[in-house]
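The values are calculated or read from the model by the stated rules, or taken from the named source; none is laboratory data. Values in this document were obtained by computation on a predicted structure and should not be read as measured data. Backbone-built Cβ (ideal geometry, glycine too); neighbour counts: all protein chains shown.
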Amino acid sequence: MTAEDRADDRDGVVRVDGADAFAGEPDGLQRLWTPHRMVYIGGQDKPTDSAPGAGCPFCRIPTLTDEQGLVVARGAAAYVVLNLYPYNSGHLLVCPYRHVADYTDLTPDEVVDIAALTQTAMRVTREVMAPHGFNLGMNQGDVAGAGIAAHLHQHVVPRWVGDSNFLPIVAQTRALPALLADTRARLAAAWPTESKG
């Protein structure tokens, strides 16, 4: 934009050919608005402290209906829930009911239930969504990237060839093609009956 293009910028608003130019020069790019991410950035649904109870979303979720809590399946010592802020469609979390932070503090029954639910989560997700692979893991502690460090949870993230494009790299944004409620319903319907709690 040249000085001749500016009609008046004394009030701090640049005008080009009589129009306000708040957003700069048109760049021809489409915009993918993801306002739902602002609640995460703002801290909604994050623990109010590290104590067990209603302040911890992973303690609170089992008290809700499956639909309200996005619970896919319930086991004896742990449950499977959709991640409210997923890395990819179908991103599941396997959480013990008990408020425990460290993997080494799990009981033998919790370890077995988390492992079995993780295996079933992979099988069901393969059947329903046909991913090409998975990322599995637990972030232990804030320094390791745990968003909710006080209540252990195992990530089960389906992956597809080409699912990492320019959006997460350049814009730190994911485009998710399915609503969480729809994904939960599809996965819960496919979950084996003998595994449902």
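Residues being among the polar types (S, T, N, Q) and in contact (Cβ under 8 Å) with a residue 40 or more places away in the chain: count how many of those fall in segment 90-134.
2
Which is under 19 Å from the mean Cα position of the chain (by Cα), of a type outside the set (A, V, I, L, M), modelled with pLDDT of 95 or more and under 30 Å from Gly53 (Cβ atoms), of His153, His99? Break it down stepwise before answering.
Numbers: His99 fails: under 19 Å from the mean Cα position of the chain (by Cα).
Result: His153 is the single residue among His153, His99 that is under 19 Å from the mean Cα position of the chain (by Cα), of a type outside the set (A, V, I, L, M), modelled with pLDDT of 95 or more and under 30 Å from Gly53 (Cβ atoms).
Among what's in segment 162-189 and is modelled with pLDDT of 85 or more and loosely packed, with under 14 Cβ neighbours inside 10 Å, pick the residue that is farthest from Arg126 (Cα to Cα).
So, considering only residues that are modelled with pLDDT of 85 or more and loosely packed, with under 14 Cβ neighbours inside 10 Å, the one farthest from Arg126 (Cα to Cα) is Ala181.
Here are some conditions: (1) surrounded by 18 or more Cβ atoms within 10 Å (Cβ to Cβ); (2) more than 16 Å from Ala76 (Cα to Cα). Thr118 meets all but one. Which one does it not meet?
Of (1) surrounded by 18 or more Cβ atoms within 10 Å (Cβ to Cβ); (2) more than 16 Å from Ala76 (Cα to Cα), only one is false for Thr118: (2).
Filter segment 113-130 down to residues that are in a helix (DSSP H, G or I) and of a type in the set (Gly, Ala, Ser) and give me whichever is nearest to Ala189 (Cα to Cα).
Ala121
Does segment 102-112 hold any residues that are part of a helix (DSSP H, G or I) and either of a type in the set (A, V, I, L, M, F, W, C) or more than 30 Å from Pro52 (Cα to Cα) (or both), and which are they? If you could, list the steps in order and put the result at the bottom.
Narrowing segment 102-112 to residues part of a helix (DSSP H, G or I): 103-105, 108-112.
Result: Val111, Val112.
When segment 75-89 is examined, which residues are found to be touching a residue at least 60 places away in the same chain (Cβ under 8 Å), in a strand (DSSP E or B) and within 10 Å of Asp113 (Cβ to Cβ)?
Scanning segment 75-89 gives a single hit, Tyr79.
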